[in-house]
Amino acid sequence: MAPSNNRRPGFSRRAQYGVFWSYVFAVAGMLVGVILLALSYFDPSTFGAARTAVAEVTAPVSSGLSSVGRTVGAVPNGIGSYFMIHDQNIALRKQIADDHAVTMRARAINYENRRLKALLGLRERIGVPVVSARLVSSSPTSTRRFAILNAGSWQGVERGQPVLGPDGLIGQVVEAGPNTARVLLLTDPESSVPVRRTRDGLPALAVGRGDGLIDIRSVSNAAASFAPAEVFVTSGAGGVYPPNIPVAKILRHGRDIVLAEAVMRPNTLDFALVQRAFLPAPPRPVATPVAVTKP
Amino acid sequence: MRARHRGPFEEAPETRLSRLLPAIAIMLGSCVTIWPTIAEFPFLPPVGLLMLLAWRLIRADALPIWAPLALGLFDDLVSGQPLGLGIATWTMCFFMIDMIDERLMFRDFWQNWLIAAGGTAFYLVVGRLTAVRFGAPVDTVLLLQVLASIMLFPVISLLCAWLDRDYEPA
């Protein structure tokens, strides 16, 4: 195809100036774009308001599409479970009987635990739920891993609150709009969560990689070794995430820095629970008015 | 009322829809990211940018030179990339295609594909460098995303040509 030379619109001076000024405008806009890019490089949270404003419009659309998908997806599942129900019933009854002894023991341990804590005079903090909502969409073209949550500051969601799924930790709220919030997922390269090993309490950091996996980095002095299927839970250090929420499972043997996968794979089907930050930052001291005395 | 018969060499009358069609198509392409799925790695090509490049390469007068400023801003707001990336890189792509058009006498589809591949790779690499710290192990998935985007361009190009089927050059 021959390029149509639309940069020379003819002999009309007015048309020529129009083309000229449109190029001037485009170059100026490009420079503004470069400046905006530099600003968001040094402080990624700038322009969060503009992004959440657009998310306010797109989240209902995603939510609607998602509910349609859920309804359609539930049909084959429903048909399947109708035919499987008898076998499933027998298997579940057997499982209840098997688990009975374990449950009784767990109850006894739980009771003893509470009694011992009361004896020690421990004061326990529990995660206070704020709201449960669905994650409706994410950022599939970007190297950052964000998800849009279908609840915002009108529902009590604030920046810095942890987001939990049914199986484990999902991430943390980074921007909150009126009805939507942006969640930084665990697998984001900028996300890092203080964790400890369930087996012996070995402290570590779960740092996202950006390719769907997580790096577990030991923070203790001694060389730590990791084995597959070891589970890491939040340690509660840092005060954002409440302790004992499953985060990651080790994939292969290694020392100091090993690959792990997230315990919770967030999807649009499950509900996500937003909790209050575990130990919120203390409120800023109120500036007391200083009496100014004139000499 | 019956439409007036048009002579064989007369231009097709321009409607508001036909003027806005490229921009609408590109914005819908940007909006593919609101599809309800939680991505664990960047698997989706930048459909908005591919649309933009396809329109520019198929029909140079479809969009004014400043169009990528507004369309890039919209894409930044829905894609989760750092704001300013689309504004800057999409406009740079337009300038680059303008310069190529100055030097090339003719382009056919293979050249279009090559230019679009360069533009998409440029956008994604700049996005990776500005969004994520340098050492993050995202380069393999980025490479796969670039390859997927390049492979998707012919389809997007066909789609744009189909949307543009009623256009008659003057």
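The values are calculated or read from the model by the stated rules, or taken from the named source; none is laboratory data. All values derive from a computational prediction rather than experimental measurement. Glycine also receives a Cβ, built like all others from the backbone with ideal geometry; neighbour counts cover every protein chain displayed.
Quick grid of which residues meet (1) surrounded by fewer than 23 Cβ atoms within 10 Å (Cβ to Cβ); (2) in a helix (DSSP H, G or I); (3) of a type in the set (A, V, I, L, M):
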position	(1), (2), (3)
B:Arg19	yes, yes, no
B:Ala23	yes, yes, yes
B:Met27	yes, yes, yes
B:Thr33	no, yes, no
B:Thr37	yes, no, no
B:Pro42	no, no, no
B:Pro45	no, no, no
B:Leu53	no, yes, yes
B:Arg56	no, yes, no
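Can you pull out every residue in segment B:68-78 that is within 22 Å of A:Ala28 (Cβ to Cβ), more than 11 Å from the chain's Cα centre (by Cα) and among the aliphatic types (A, V, I, L, M)?
Matches in segment B:68-78: B:Leu69, B:Ala70, B:Leu73, B:Leu77.
Going through B:Phe74, B:Phe153 one at a time, which residue ends up being within 29 Å of B:Arg16 (Cβ to Cβ) and touching a residue at least 60 places away in the same chain (Cβ under 8 Å)?
Unique residue meeting the criteria: B:Phe153.
Being assigned to a loop (DSSP other than H, G, I, E, B), over 13 Å from the mean Cα position of the chain (by Cα) and among the hydrophobic types (A, V, I, L, M, F, W, C), is that true of even one residue in segment A:179-187?
no
Just give me the residues in segment A:102-134 being of a type in the set (A, V, I, L, M) and modelled with pLDDT under 90, in sequence order.
Within segment A:102-134, A:Leu116, A:Ala118, A:Leu119, A:Leu120, A:Leu122, A:Ile126, A:Val128, A:Val130 qualify.
Yes/no matrix, rows are residues, columns are (1) in a helix (DSSP H, G or I); (2) not aliphatic (A, V, I, L, M):
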position	(1), (2)
A:Phe25	yes, yes
A:Met30	yes, no
A:Ala38	yes, no
A:Pro44	no, yes
A:Ala50	yes, no
A:Ala55	yes, no
A:Pro60	yes, yes
A:Ser67	yes, yes
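Which of the following residues is at the interface with chain B (Cβ under 9 Å from one of its Cβ atoms) and modelled with pLDDT under 90: A:Phe47, A:Phe83?
None of the others qualify; the one that does is A:Phe47.
Looking at this structure, is A:Gly78 in a helix (DSSP H, G or I), within 14 Å of chain B (Cβ to nearest Cβ) and not basic (Lys, Arg)?
no
Do we find a residue being of a type in the set (Val, Ile, Thr) and either under 13 Å from the mean Cα position of the chain (by Cα) or within 14 Å of another protein chain (Cβ to nearest Cβ) (or both) anywhere in segment A:194-206?
No, segment A:194-206 contains no residue that is of a type in the set (Val, Ile, Thr) and either under 13 Å from the mean Cα position of the chain (by Cα) or within 14 Å of another protein chain (Cβ to nearest Cβ) (or both).
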